[in-house]
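The values are calculated or read from the model by the stated rules, or taken from the named source; none is laboratory data. All values derive from a computational prediction rather than experimental measurement. Methodologically, a virtual Cβ is constructed for each residue, glycine included, from the backbone with ideal geometry; neighbour enumeration extends over all protein chains shown.
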Amino acid sequence: MSRLIAIDWDRAELRFVVASTRSERLIVHQAGCVVADDPQQGWSSPAQIGAALRQALKGHRLARGELLIVLDRASVELLALKLPPATDAELPQLVANEVLRESAFAAEEAVVDFAADAAQPGEPRRVIAAVLPRERLEQVHQLCAAAGLKPRHVLLRSFAAASLFAHLKAPSQESCLLVNVASEEVDLIVLRAGRLTYWRTARLPRQADPARLDDLLLAEIR
């Protein structure tokens with residue numbers, strides 16, 4: 001049985017899920033959130049967030065858990081690239097070269113990952129590249145050190161939500177709109193034939209009343 005711990009956070013709130021896998025089943029043991037001592041000021045440091053996580057997860061065998069870090073849209077630079085026809089094996093070098101030209105960060109200042117559409121003979125490759133500044137990655141490591149955990153995967157929230165939805169829903173050629181609401185943000189994600197084709201993250205007012213929040217969400221979707 002493998003134990004999983006997934007976390008994401010914003011300016012003043014940490015959210016977590018503790019689960020385990022058994023065969024093809026996912027069993028959720030605990031889910032919750034921790035609010036910063038001063039919600040107006042927010043977290044003072046990554047170490048404070050890590051300490052709050054450690055306290056919240058007491059009794060869940062932290063040393064044996066695989067930690068999944070989920071980052072918000074503001075943590076990364078996203079680049080939509082159109083590359084020449086290429087095989088999957090050729091893409092990493094092509095993406096690296098294009099990111100060097102288009103990114104605001106130098107190669108040594110960031111780490112890069114990407115998702116590409118399926119290869120079609122003679123057709124350009126469309127790629128979404130995520131550029132994570134090393135400064136932000138160092139903050140992640142500081143948080144994990146304070147929590148007593150080692151990160152196993154670093155994920156982008158909107159892409160993780162799209163991947164989960166694609167796995168849960170049977171393949172379809174229809175377009176689907178996925179609305180993923182966090183405490184201060186909403187991810188709007190469009191999938192067509194199981195592939196992410198559009199994404200946007202919008203800010204939401206903290207602690208808005210439900211009726212106003214519904215109106216704001218509808219306005220963003222339209």
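When F114, F159 are screened for being out of contact with any Asp or Glu (no Cβ under 9 Å at 6 or more places or on another chain), modelled with pLDDT of 85 or more and closer than 27 Å to L14 by Cβ, only F159 passes. Annotation note: of E102, E90, E66, the sole residue that is of a type in the set (D, E, K, R) and under 15 Å from V131 (Cβ atoms) is E102.
If you go through the range 1-41 and keep only what is assigned to a loop (DSSP other than H, G, I, E, B) and either farther than 18 Å from D72 by Cα or touching a Gly at 6+ places or on another chain (Cβ under 7 Å) (or both), you end up with M1, R11, A12, S23, E24, A36, D37, D38, P39, Q40, Q41.
Taking strands (runs of 3 or more DSSP E) as the structural unit, those lying wholly within the range 153-222 and holding at least 3 residues that are surrounded by 12 or more Cβ atoms within 10 Å (Cβ to Cβ) and in contact (Cβ under 8 Å) with a residue 24 or more places away in the chain correspond to 185-192, 195-203.
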